[in-house]
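S.K.: Structure below; questions to follow.
The values are calculated or read from the model by the stated rules, or taken from the named source; none is laboratory data. Source: prediction; values computed, not measured. Here the Cβ positions follow ideal geometry from the backbone for every residue, glycine too, while neighbour counts run over all protein chains shown.
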C-alpha cells in the first residue's frame, strides 16, 4: 500500500468539490485545505505502455502514476484509532508547521487542515503521517502547496 | 535539521542581491512554477499530445517541473531552496593572511552557523566567534574573518575562544597548506524566504522543462511529406516532420544558456586565485 493525496478545491461537501493539482494560498490568510487520500497501488489496471483498445487513437493508459483508489482511513477495528498529521517542512525547526488533520464524517478518505493567520507554510512538498491502530504510514506529496506572499514579494 | 540558535547573516535579500528593503511595487519572487504557469508561459499554443493519443496530464507536467528544478540546481551549482551544508576548507597560507578567505562550495550563503578549526576526529579545536565573521560577501560564497573589533572598542567576543585555541592559531603561521582545516556549517540557497524563488530562476526552470517536453513530442511527428494520388488527381502536403518545434527548442536553449550565465554571474565569482 502506497498512500498519496490529491488536493480538493472549492470544497463544499463530499458531493461538491473539484480535484486540483495543488493548493495555492496566500500567506497569512485563514485557510482550510481539503484533500483526499488515495492508495496508489489499487484502482484500475494500469500497465505502463499498455494499449487500450477502447481508445480509438490507440492511446496508452495514463503513465503519470495511477490516480489510485480512494482510501478510507481507519476502516476496520484493527485500524482504530485513526489520525493524520500534516507537516509543512522547513530547514529551520522553528518554522516547521505540524497540524492534525480532521476527517470528514461522511467520507473517511477526505481530510482537512486549518491554518491560522500566524501559520505561514512555505511552498513545496507536504508531508503526511497516517496512523491506523499501531501502524504509521508516511508519505510526501510533490509540490502540493504554492504560497504567495501578499505583503512584499519584491525580494527574497 | 540544523541548529540556527547561533547564526550570522548579512541581513539583506539574496535576490536582488544586497537589497535591504523593497517597495513591493514590483514582484521579483514567486512560489515554485506550477503546471498551469508552465503551459501559459512556455508552451502556449502547442498541443501537448502525441500521435497515438497520449497526452501530458497535470501530474506529468508537475513531474517534468520537478526534474527541471533538479537540473537547474546542477546548472547553477547550488540548491534552489535554503539548505544546510557542512564542509571543510583547506588552510592556505596566502588566503589565511587575506583575513581567512574561505569560499564555500554552495552559494550564495544565507547564513553561517559555525566556523571552526576541527580535527579529523571531529574535535573542535578553535571556534571563530560569529562577531568576527564578515558577512558582506556571502552573496558570492565568500567568508572572511576580521578580528579587528577590539580596535573599535569592542573588548569581548562571544563564542568558544580559549587560550589553547589562540595558541593554536600562532602555530599554523609556519605552515603553507593543511587540507580539510576550516569546518563550516552554513545554509545556502537562492532565497531567504522558503518556498519563494527569484522569478528568473522560475523562468530557467520553465525553460528547461519546456525543452524537455518539446523534445519528447517533436520526434514522433515522423512524416515530412504525404501524397495521395487517384485517377490522375493528386494532393500532397509537406511539413517539418521530426524537426517540428526545432526553432522553438533552439530559442529556448539560447534563453537557458543566457539565464544560466547571468544567474551564475550574480551568485559566483568567475576567477579565483590561491596557492594551488
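S.K.: If I filter the stretch A:73-81 for residues that are at pLDDT 95 or above, under 23 Å from residue B:194 (Cα atoms) and crowded, with 16+ Cβ neighbours inside 10 Å, do I get at least one hit?
M.R.: no
S.K.: Check residue B:61 against each of (1) more than 11 Å from every other protein chain (Cβ to nearest Cβ); (2) part of a helix (DSSP H, G or I); (3) touching a helix residue (DSSP H, G or I) at 6+ places or on another chain (Cβ under 7 Å) and name the one condition it does not meet.
M.R.: Residue B:61 satisfies every listed condition except (1).
S.K.: Next up: Any idea how many residues of the stretch B:10-39 are more than 10 Å from chain A (Cβ to nearest Cβ), more than 17 Å from residue B:200 (Cα to Cα) and surrounded by 15 or more Cβ atoms within 10 Å (Cβ to Cβ)?
M.R.: Residues in the stretch B:10-39 being more than 10 Å from chain A (Cβ to nearest Cβ), more than 17 Å from residue B:200 (Cα to Cα) and surrounded by 15 or more Cβ atoms within 10 Å (Cβ to Cβ): 1 in total.
S.K.: Among the listed residues B:56, B:42, identify the single one that is crowded, with 16+ Cβ neighbours inside 10 Å, within 9 Å of chain A (Cβ to nearest Cβ) and in contact with a helix residue (DSSP H, G or I) (Cβ under 8 Å, 6 or more places away or on another chain).
M.R.: Working: B:42 fails: within 9 Å of chain A (Cβ to nearest Cβ).
Exactly one residue qualifies, and that residue is B:56.
S.K.: Quick check on the stretch B:87-105. Is at least one of its residues facing chain A (nearest Cβ under 8 Å), more than 23 Å from residue B:256 (Cα to Cα), modelled with pLDDT under 95 and in a loop (DSSP other than H, G, I, E, B)? If you could, list the steps in order and put the result at the bottom.
M.R.: Our first condition is that a residue be facing chain A (nearest Cβ under 8 Å); within the stretch B:87-105, this holds for none.
No: the stretch B:87-105 contains no residue that is facing chain A (nearest Cβ under 8 Å), more than 23 Å from residue B:256 (Cα to Cα), modelled with pLDDT under 95 and in a loop (DSSP other than H, G, I, E, B).
S.K.: So which of B:68, B:19, B:13 is over 30 Å from residue B:179 (Cβ atoms) and in contact with a helix residue (DSSP H, G or I) (Cβ under 6 Å, 6 or more places away or on another chain)?
M.R.: B:68
S.K.: Scan the stretch A:16-31 residue by residue and report those that are farther than 19 Å from residue A:101 by Cα, within 14 Å of the chain's Cα centre (by Cα) and either free of Cβ contacts under 8 Å to residues at least 12 places away in the same chain or not in a loop (DSSP other than H, G, I, E, B) (or both).
M.R.: Across the stretch A:16-31, the qualifying residue is only A:18.
S.K.: Scanning the stretch A:93-108 for residues that are within 14 Å of chain B (Cβ to nearest Cβ) and touching a strand residue (DSSP E or B) at 6+ places or on another chain (Cβ under 7 Å), which turns out surrounded by the most Cβ atoms within 10 Å (Cβ to Cβ)? Outline the logic, then answer.
M.R.: Quick first cut of the stretch A:93-108, residues within 14 Å of chain B (Cβ to nearest Cβ) only: A:93-98.
Remaining after also requiring touching a strand residue (DSSP E or B) at 6+ places or on another chain (Cβ under 7 Å): A:96-98.
On the way: A:96: 15, A:97: 18, A:98: 13.
Checked the stretch A:93-108; the qualifying residue surrounded by the most Cβ atoms within 10 Å (Cβ to Cβ) is A:97.
S.K.: If you don't mind, there's one more thing I want to ask. Out of all the residues in the stretch A:121-156, which are within 14 Å of residue A:86 (Cα to Cα), facing chain B (nearest Cβ under 9 Å) and surrounded by fewer than 21 Cβ atoms within 10 Å (Cβ to Cβ)?
M.R.: The one that is within 14 Å of residue A:86 (Cα to Cα), facing chain B (nearest Cβ under 9 Å) and surrounded by fewer than 21 Cβ atoms within 10 Å (Cβ to Cβ): A:142.
S.K.: Return a yes/no flag: does the stretch A:32-41 have any residue that is more than 14 Å from chain B (Cβ to nearest Cβ), surrounded by fewer than 17 Cβ atoms within 10 Å (Cβ to Cβ), at pLDDT 95 or above and assigned to a loop (DSSP other than H, G, I, E, B).
M.R.: From the stretch A:32-41, those more than 14 Å from chain B (Cβ to nearest Cβ) are A:32-37, A:39, A:41; that's our starting set.
Now restrict to residues that are surrounded by fewer than 17 Cβ atoms within 10 Å (Cβ to Cβ): A:32, A:41.
After this cut, where a residue has to be at pLDDT 95 or above as well, the list is A:32.
Next, from what is left, pick out any that are assigned to a loop (DSSP other than H, G, I, E, B): none.
There is no residue in the stretch A:32-41 that is more than 14 Å from chain B (Cβ to nearest Cβ), surrounded by fewer than 17 Cβ atoms within 10 Å (Cβ to Cβ), at pLDDT 95 or above and assigned to a loop (DSSP other than H, G, I, E, B).
S.K.: Ok, one more. Could you run through the stretch B:41-55 and say how many residues are assigned to a strand (DSSP E or B) and touching a residue at least 24 places away in the same chain (Cβ under 8 Å)?
M.R.: Residues that pass the stated criteria total 1.
S.K.: Checking the condition over 30 Å from residue B:126 (Cβ atoms) and either loosely packed, with under 13 Cβ neighbours inside 10 Å or within 14 Å of chain A (Cβ to nearest Cβ) (or both), which residue from B:204, B:220 passes?
M.R.: Working: B:204 fails: either loosely packed, with under 13 Cβ neighbours inside 10 Å or within 14 Å of chain A (Cβ to nearest Cβ) (or both).
Sole residue among the options that is over 30 Å from residue B:126 (Cβ atoms) and either loosely packed, with under 13 Cβ neighbours inside 10 Å or within 14 Å of chain A (Cβ to nearest Cβ) (or both): B:220.
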